[in-house]
Amino acid sequence: MSHRRQSKRRPRSSGAALPTRTALLFVAPATALFAVLVLYPLATALSYSFFSWRGIVRDSWAGFDNYVALFTQLPYRNDLPRAFWHNLMLFAGAMVFQNTVGLGLAQLLHRLPRFKRLFQTIYTMPYLVSPLVIGYLWSLLLSPLFGSVNAMFKAVGLDSWALPWLGDPKTAIWAIVFINSWQWIGFPVLLYGAAMGGITDDLEEAAALDGASAWQRFTRITFPLLTPAIGTVTVLTFIGAMEAFAIPYAIGGSQGNPAKATDVLSLLFYRTAFQSGSTNSNGISSAVAMLLFLFIFGVAVVMTRLMRRWERRLT
Amino acid sequence: MSKQPRSRWGHRRSWVYVLLWAYAAFAIAPLLVMVLNSLRTTRDMALDPLGLPWPPTGQSYLKAWITASFDTYFVNSIFVTVTSVLLSTVVSLLAAYAFARAKSRFFAALEAIFMSGLMLPVYLAILPIFFLLDSMGLVSSLTGLIAVYAALGIPFSTFILAAFFRSAPVDLEEAARLDGAGPVKIFLYVMLPLVRPAVATVIVFRFVPVWNDFFYPLILIRDASKRTIPVGITSFFGEYQTDYATLFAGLTIATIPLIAIFLVATKQIVTGLTAGMSK
C-alpha cells in the first residue's frame, strides 16, 4: 500500500546516486543467481519443445511436431482439453467465492470496532498452510469411513449428503474447486480490506447524509473504487488457478484419480515429463509447459493492461 | 479511521458478529480437527469420527517423528528454508539498494526483468533446472534446492526492498558521504538499519512459500534422507494409508512452524500480502 505514496518521492533520490561500478557490484550476485536459475532455464525450456528427444539426449530439430502431437496423439489429445477445463473451473469457482463471500466478509470487517485483526488472522490461516497439507487434510476429512465431514452430515440428518465426494468422478473436481476456493479466500479478504481502508470516509459520509442506504453506498461508492483491487486479485487468482498442482496431487495423485476427473495442466506436465515412459517425454512435456507458460503470462499481461485502461477511465 | 459515527450500524452489530464468527468457524474447523485428531488413536476415530481427544495421546507424534522419519524431514526443511531465505534476502538487499540509487537505464531495465519474475510460472522450467543441477552434481542435494529457492525469492524481495530504499531520505547518505564513508559502509551502517522493517517482511513472507513448497523437492530430491517435510508427506501418505492418527500428526508437524510464525509476525504477513496491491 505504502509504496504508492513513496514512489512519488522518487525524484528526491536523484541527489544520492551510486557510482555505476559500485552499483554493478551490488546487483551482480542477484543477477547471477536469477540469470542462471530462472532466465536460462526458461529460455532453454522453450528450445526443448522444438526438438525431439531420445531419453535425456537431444535428438533432431522437430519444429512444431511436439505441439502438433499434443493435439493429435493419445493420451494428450484427450488429457489436454480436460485438464484445461478443470483449471478454468478452479479459476471460476475461486472468482465466484471471493467476489461474493470474500467481498462480503471484507465489507463486514471494514470498520469493525473490535476483533478485526483476529478475524483477519483466522481467515488467512488456511491460505498460509501448504496446499499439499490442505489437500491431504481434506482427503482425510472427506474420507467415507473416518471422515468428519460425512459424520457431521449424518449427525445433522443430511444422510443423503454423506457421499464419497472424492471417489466419484462427478463430484471430485467440485470438491477440489471448493477446497481451493476455501483455502485462497483469506487473500482476497485481506486485499479488499486494504483497498477499502484506502477509500476516504468523507465520500461515504456525504452519501449517508444525502440519504443513501448502506446497499447504495456499497454499490455506488465502495464497489467502483474497489475495481483496481478486484483487478489485481483477479490476475493473481488466475495465475494461482492455472498453476494449481499441490491440492489436486494430494487428492488425486499424479494420475488425477478417479479416472482423470481431477487432472489439471500442471499434473499433465508432471506426468508427461517424469512418468510417461515415452522416449520423447522431454519434447512433449516442454511443449505442454510452453503452452501453459504462454497462456498464463499472456493472459496475465493482457488482464493487467485492460485493468490499467479501465482504471484510467474511472478516474 | 475507527472513530466513525456508527449509529446506523450499531444495532446491526450482533448479526455482523454472528456472520463473522460463523465464517471463522468454517475457516478454522478443518485445521482444528487436524490437531484434535492427531491426539487420538485411529481406532477411536473409526468408532466415533466426531469425538474429542480425551484422554489425549501423543503416540501418533512419536510414530510420525521417529518411525516415519519426520525428524530428518523437519531438520532438512528448517535448514533449506532458513538458508535460502537468508541468501535471497542478502542478494536482494544489495540489488535493491543499487536499483533505488543508481541512475541509469541499464539498472531500470534489469529491475524490470527481475519484476517480471513476479508473474512468471518458473516451475515450468523444471526440466532445464534439473539438467543444470545434474551437470553440477547438485541433484538430490540440499545445496541445489537452496540455490533454486534463493533465485525464486529475488523478484519479490527486491520489489519490497527497493520500494523501501527509495522511500528512505537521501540526506543521511549525503551526510555520511561528506564524512568520508564509502558506498559499502553507507549501505551497511546507514541504510540497512533504516530498512529493517522491510527485511522482516521479506524474511517472514518468503519463509512461508519455501517451507510449503513441494514441487521442486519432488523432482530435484531423489534421496529419502534429503527430503523436506512436504515431499516426505507424499511418501508417508502412501505408507501409512490407514494409520489416520499418524497422518494427522504428520500434517500438524508440517503446519506448526507456520502457525508459530504467523502468530508472531501477523503484521509482516499482512504487509507482504497487501504489497501486491501497488504492483
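The values are calculated or read from the model by the stated rules, or taken from the named source; none is laboratory data. Not measured: the values here are computed from a predicted model. As a convention, Cβ positions derive from the backbone with ideal geometry for all residues, glycine included, and neighbour counts pool all protein chains shown.
Pairs are defined by a Cβ separation below 8 Å, a sequence spacing of at least 6 or placement on different chains, a first member in region A:162-191 that is within 27 Å of A:LEU118 (Cα to Cα), and a second member that is of a type in the set (Gly, Ala, Ser) and outside any helix (DSSP H, G or I); the pairs so defined are A:ASN180/A:ALA244.
Residue by residue, here is whether (1) within 10 Å of chain A (Cβ to nearest Cβ); (2) β-branched (Val, Ile, Thr); (3) over 17 Å from B:SER69 (Cβ atoms) holds:
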position: B:PHE187; (1), (2), (3): yes, no, yes
position: B:VAL190; (1), (2), (3): no, yes, yes
position: B:VAL204; (1), (2), (3): no, yes, yes
position: B:LYS226; (1), (2), (3): no, no, no
position: B:ALA265; (1), (2), (3): no, no, yes
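Annotation: of all residues in region A:220-247 being over 13 Å from the mean Cα position of the chain (by Cα) and either away from chain B (no Cβ under 12 Å) or among the aromatic types (Phe, Trp, Tyr) (or both), the one that is surrounded by the most Cβ atoms within 10 Å (Cβ to Cβ) is A:THR222. If the condition is being more than 7 Å from every other protein chain (Cβ to nearest Cβ) and surrounded by fewer than 20 Cβ atoms within 10 Å (Cβ to Cβ), then region B:143-173 contributes B:THR143, B:PRO169, B:ASP171, B:LEU172. The single residue among A:LEU140, A:LEU158 that is more than 22 Å from A:GLN255 (Cβ to Cβ) and at pLDDT below 95 turns out to be A:LEU158.
What are the residues in region B:205-229 that are polar (S, T, N, Q) and crowded, with 21+ Cβ neighbours inside 10 Å, if any?
Pass one, region B:205-229, residues polar (S, T, N, Q): B:212, B:225, B:228.
Across region B:205-229, the qualifying residues are B:ASN212, B:THR228.
All conditions in (1) at the interface with another protein chain (Cβ under 10 Å from one of its Cβ atoms); (2) more than 25 Å from A:THR237 (Cα to Cα) hold for B:THR274, with the sole exception of (2). Scanning region B:106-125 finds no residues that are crowded, with 24+ Cβ neighbours inside 10 Å, more than 8 Å from chain A (Cβ to nearest Cβ) and not basic (Lys, Arg). Is region B:52-62 home to any residue that is surrounded by 20 or more Cβ atoms within 10 Å (Cβ to Cβ), more than 24 Å from the chain's Cα centre (by Cα), in a helix (DSSP H, G or I) and at pLDDT below 90? For region B:52-62, residues surrounded by 20 or more Cβ atoms within 10 Å (Cβ to Cβ), more than 24 Å from the chain's Cα centre (by Cα), in a helix (DSSP H, G or I) and at pLDDT below 90: present. Here is the figure for region A:292-315: residues that are touching a Pro at 6+ places or on another chain (Cβ under 9 Å), of a type in the set (A, V, I, L, M) and within 30 Å of A:TYR270 (Cα to Cα) total 2.
When only residues in region B:208-224 that are without any contact (Cβ under 8 Å) to a residue 60 or more places away in the chain and assigned to a helix (DSSP H, G or I) count, which is nearest to the other protein chains (Cβ to nearest Cβ)?
Step one: of region B:208-224, the residues without any contact (Cβ under 8 Å) to a residue 60 or more places away in the chain are B:209, B:212, B:214, B:218.
Still in the running and assigned to a helix (DSSP H, G or I): B:209, B:212, B:218.
On the way: B:PRO209: 9, B:ASN212: 4, B:LEU218: 8 Å.
This residue is B:ASN212.
Let's see how each residue does on (1) closer than 30 Å to A:ASN180 by Cα; (2) within 14 Å of chain B (Cβ to nearest Cβ); (3) in a loop (DSSP other than H, G, I, E, B):
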{"site": "A:SER52", "(1), (2), (3)": "no, no, no"}
{"site": "A:SER60", "(1), (2), (3)": "no, no, no"}
{"site": "A:LEU70", "(1), (2), (3)": "yes, no, no"}
{"site": "A:LEU74", "(1), (2), (3)": "yes, no, yes"}
{"site": "A:TRP85", "(1), (2), (3)": "yes, no, no"}
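Could you go through region A:276-290 and let me know if any residue there is assigned to a loop (DSSP other than H, G, I, E, B) and touching a Gly at 6+ places or on another chain (Cβ under 7 Å). Within region A:276-290 (the criterion being assigned to a loop (DSSP other than H, G, I, E, B) and touching a Gly at 6+ places or on another chain (Cβ under 7 Å)), the answer is yes, since at least one residue qualifies. Checked against (1) part of a helix (DSSP H, G or I); (2) touching a residue at least 24 places away in the same chain (Cβ under 8 Å); (3) over 30 Å from A:ASN257 (Cα atoms), A:LEU203 passes all but condition (2).
Would you mind finding the one in A:VAL101, A:VAL133 that is of a type in the set (Val, Ile, Thr), within 11 Å of chain B (Cβ to nearest Cβ) and surrounded by 23 or more Cβ atoms within 10 Å (Cβ to Cβ)? Outline the logic, then answer.
On the way: A:VAL101 fails: surrounded by 23 or more Cβ atoms within 10 Å (Cβ to Cβ).
Criteria check complete, one pass: A:VAL133.
Candidates A:GLY211, A:GLY252: the one that is touching a residue at least 60 places away in the same chain (Cβ under 8 Å) and of a type outside the set (Lys, Arg) is A:GLY252. Please tell me if B:VAL91 is assigned to a helix (DSSP H, G or I), facing chain A (nearest Cβ under 9 Å), at pLDDT 90 or above and more than 19 Å from A:LEU132 (Cβ to Cβ). Against the criterion (assigned to a helix (DSSP H, G or I), facing chain A (nearest Cβ under 9 Å), at pLDDT 90 or above and more than 19 Å from A:LEU132 (Cβ to Cβ)), B:VAL91 qualifies. Scanning region A:147-173 for residues that are touching a helix residue (DSSP H, G or I) at 6+ places or on another chain (Cβ under 8 Å) and either among the small types (Gly, Ala, Ser) or under 17 Å from A:LEU90 (Cβ atoms) (or both) yields a total of 7.
Quick one: in region B:114-143, which of the residues that are within 15 Å of A:TYR40 (Cβ to Cβ) and of a type in the set (Gly, Ala, Ser) is nearest to the chain's Cα centre (by Cα)? This residue is B:GLY117.
Any chance you could count how many residues in region B:131-141 are of a type in the set (A, V, I, L, M, F, W, C), surrounded by fewer than 21 Cβ atoms within 10 Å (Cβ to Cβ) and not in a loop (DSSP other than H, G, I, E, B)? Even if it seems obvious, please write down each step before you answer.
Taking region B:131-141 first, the residues of a type in the set (A, V, I, L, M, F, W, C) are B:131-133, B:136, B:138-139.
The next check asks that each one be surrounded by fewer than 21 Cβ atoms within 10 Å (Cβ to Cβ); those that pass are B:131-132, B:136, B:138-139.
Then drop every residue that is not not in a loop (DSSP other than H, G, I, E, B), which leaves B:131-132.
The total comes to 2.
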